[in-house]
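This report refers to the structure that appears directly beneath it.
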There are 2 protein chains.
Amino acid sequence: MSTASASAHPNIAFIKYWGNRDHELRLPANGSISMNLAGLETRTTVRFDGALAADALVLNGAPAAAAQVARVSGILDLVRGMAGITEFAEVTSSNNFPSGSGIASSSSAFAALALAASAAAGLQLDEAALSRLARRGSGSASRSVPAGFVEWRAADTDEESYAVSVAGEAHWDLVDTIAIISEEHKAVGSTAGHPLADSSPLQAARLAGAEQRLAQARTAILQRDLAALAAVMELDNHLMHAVMMTSQPALLYWQPPSLAVMHAVPAWRAEGLLAGYTLDAGPNVHVLSAAADAAEVAVRLGKLPGVLRVMQASAGGAATLA
Amino acid sequence: MSTASASAHPNIAFIKYWGNRDHELRLPANGSISMNLAGLETRTTVRFDGALAADALVLNGAPAAAAQVARVSGILDLVRGMAGITEFAEVTSSNNFPSGSGIASSSSAFAALALAASAAAGLQLDEAALSRLARRGSGSASRSVPAGFVEWRAADTDEESYAVSVAGEAHWDLVDTIAIISEEHKAVGSTAGHPLADSSPLQAARLAGAEQRLAQARTAILQRDLAALAAVMELDNHLMHAVMMTSQPALLYWQPPSLAVMHAVPAWRAEGLLAGYTLDAGPNVHVLSAAADAAEVAVRLGKLPGVLRVMQASAGGAATLA
């Protein structure tokens, strides 16, 4: 019997992941770049135990549904295979932020699971191997393994597709102010959504420019150039949602208050308050600004109709054993 | 001195026009299909008079701005050239619907102008020639010349790009219920917006599928198949707005209540109320349904937050001298 605990932050992508080259392996259609969100975290404990008759999962204090257990067992199977063990595991995981809040909890959850499970099994995986393992549970989880500002590489093989840190969390005092618009679960989650990307007539055009946008975002991060980051981030975000809303069936994740934020942020920028927005596969809007402007951004977002509340996070570190 | 009066209906496009092959000639990047809107109309009188020192334009009872006079003079110049006359003209035009209401008044205005001006100049232009002339003032005006359900052909020459009736106004008792969300003028009008289409990485992909969507819409109209029309209309609409929101600068015409309608209509459809939506370069939403369902659609739209009021129109006839 052996146990390990790990924690990881969720992340927000500036250059988005949407669509896969290989759904089973979660090899993404394009590379992506994100920032880990400090303060928000999933903490997961894995205990392999020969006395267990099956894998068990307790999520935020309650037994998980069968589909969630199966997804976790998929990662545990990979770990058992690498470690040459057969014991089932008890996994206990909790988030310090609400699930279904539009903050991708699967990113932090599978990053923490990959680290805790591999350590509990006696493996010492390097960062790339951990990122690859986390990727198998949720693509965006690959980005929650390295620290700070992170790029996940697209590739044709499992071996080559993992995330690396572009810059550590101390590199740039960027703050993500999240306008929470809905806390309901998404009607179509990311795992179900990715296979629809190729049904959009726009996905190929979106992918054709991805390398250029990745380079622009990478440079903007390294140069701490928020105006440049905002421009490419908003374009990339519109491209992803354009693909979503033209897939079959159409996925329209924006809600009316999302659009209010999307109109407000460029108007604030025109007034001199530098910020940029992005949305994941959900209605909540992430507004990136300098730390010095974050309080003002929070006040303004809080006044917009339909914004329930705001959360804030600066750049977070790597997944860690704890 | 000679005078003629004409009236024309605005139209709502099911397959959208966005982007030009030739901006000066208003040769569109792709073909489009629309329905004239009965009950809504522009009525225009043109009087050529050798005593005038310049063209004059009275719009809805008030002298028009210089830019509007210049745009009208462009059409009058074409008419004078065809008729071999040199007199300036006084043009009096009024709409029975509010300008800037998201109902493209330029479509009915330039269709009525083309007919009134050519008749006042003693020309007897056939429908194709009138449609081509109207096109020079506003692309969508080419579609307000023929009757009912109308297709405007894309082509590389002025001679070949005009609109024809796919089916007359009596063919199908479709009703357009328009959710009026804003009566303000658009920040970026269509004439300024079309040149931006090519700055979107998605325009080429949108154009690549246009012929297929045109064929689907044409067939849906001929077969009076609203489910098929709704599917292709909403896809085409999302494709156009995808191009708009990914152009540089980004054009985000939707407002929060627009999105409320866009979520509501598919939900109603799932309940059995068959309808489809489309938006022009503005926030108002056009909801197409069978006449038998139009009252229910109007009631439901009127209850959505941010919908100021609704207007309704069935299929309208051709531009006519009056």
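The values are calculated or read from the model by the stated rules, or taken from the named source; none is laboratory data. The structure displayed is predicted, hence computed values, not measured ones. Glycine also receives a Cβ, built like all others from the backbone with ideal geometry; neighbour counts cover every protein chain displayed. Quick note on the areas: whole protein, heavy atoms, side chains included, nothing else; ligands and nucleic acids left out. Shrake-Rupley method; radii C 1.70, N 1.55, O 1.52, S 1.80 Å.
So the values come out like this:
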read-out	value
Residues (over 19 Å from A:V150 (Cβ atoms), in contact with a Leu (Cβ under 9 Å, 6 or more places away or on another chain) and in a loop (DSSP other than H, G, I, E, B)) located in the range A:285-322	A:V307
Hits in the range B:17-33 (condition: open to solvent by less than 10 Å² (accessible area, probe 1.4 Å), aliphatic (A, V, I, L, M) and in contact with a Lys or Arg (Cβ under 6 Å, 6 or more places away or on another chain))	B:L27
Lone unmet requirement of (1) closer than 30 Å to B:M240 by Cα; (2) open to solvent by less than 10 Å² (accessible area, probe 1.4 Å); (3) touching a strand residue (DSSP E or B) at 6+ places or on another chain (Cβ under 7 Å); (4) not in a strand (DSSP E or B) for B:I75	(3)
Residues of the range B:174-194 that turn out to be modelled with pLDDT of 95 or more and either farther than 21 Å from B:L252 by Cβ or open to solvent by 20 Å² or more (accessible area, probe 1.4 Å) (or both), as a count	4
Members of the range A:195-214 found to be part of a helix (DSSP H, G or I), open to solvent by less than 70 Å² (accessible area, probe 1.4 Å) and among the hydrophobic types (A, V, I, L, M, F, W, C), listed by number	A:L196, A:A197, A:A205, A:L207, A:A210, A:L214
Hits in the range A:34-59 (condition: surrounded by 14 or more Cβ atoms within 10 Å (Cβ to Cβ) and part of a loop (DSSP other than H, G, I, E, B))	A:A38, A:L40, A:E41, A:L52, A:D55
Residue list for the range A:294-322, restricted to those being out of contact with any Gly (no Cβ under 9 Å at 6 or more places or on another chain), away from chain B (no Cβ under 14 Å) and open to solvent by less than 50 Å² (accessible area, probe 1.4 Å)	A:A294, A:V297, A:A298, A:L301, A:G302, A:A319
Single unsatisfied condition, A:S106 versus (1) assigned to a helix (DSSP H, G or I); (2) open to solvent by 20 Å² or more (accessible area, probe 1.4 Å); (3) over 30 Å from A:L202 (Cα atoms)	(3)
A:V166 open to solvent by 20 Å² or more (accessible area, probe 1.4 Å), within 25 Å of A:V261 (Cβ to Cβ) and among the aliphatic types (A, V, I, L, M)	no
Tally, over the range A:235-265, of residues that are assigned to a helix (DSSP H, G or I), in contact (Cβ under 8 Å) with a residue 12 or more places away in the chain and within 26 Å of A:G209 (Cβ to Cβ)	13
Residue check for A:E151: over 14 Å from the mean Cα position of the chain (by Cα) and open to solvent by 10 Å² or more (accessible area, probe 1.4 Å)	no
A:A13 vs. criteria over 24 Å from the mean Cα position of the chain (by Cα), in contact (Cβ under 8 Å) with a residue 12 or more places away in the chain and not assigned by TED's automatic domain parsing to the domain that holds A:I221	no
The range A:117-133, residues that are closer than 18 Å to A:N11 by Cβ, in contact (Cβ under 8 Å) with a residue 40 or more places away in the chain and surrounded by 24 or more Cβ atoms within 10 Å (Cβ to Cβ)	A:L130, A:L133
Failed condition for B:Y277, given (1) assigned to a helix (DSSP H, G or I); (2) more than 30 Å from B:D22 (Cβ to Cβ); (3) within 14 Å of chain A (Cβ to nearest Cβ)	(1)
Conditions (1) free of Cβ contacts under 8 Å to residues at least 12 places away in the same chain; (2) of a type outside the set (S, T, Y); (3) farther than 30 Å from A:M240 by Cβ; (4) surrounded by 14 or more Cβ atoms within 10 Å (Cβ to Cβ): number failed by A:V91	(1)
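Okay, residues lined up against (1) in contact with a helix residue (DSSP H, G or I) (Cβ under 8 Å, 6 or more places away or on another chain); (2) open to solvent by less than 60 Å² (accessible area, probe 1.4 Å); (3) within 14 Å of chain A (Cβ to nearest Cβ):
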residue	(1), (2), (3)
B:Q216	yes, no, yes
B:L222	no, no, no
B:M233	yes, yes, yes
B:S247	yes, yes, yes
B:L251	yes, yes, yes
B:M262	no, yes, yes
B:E271	no, no, no
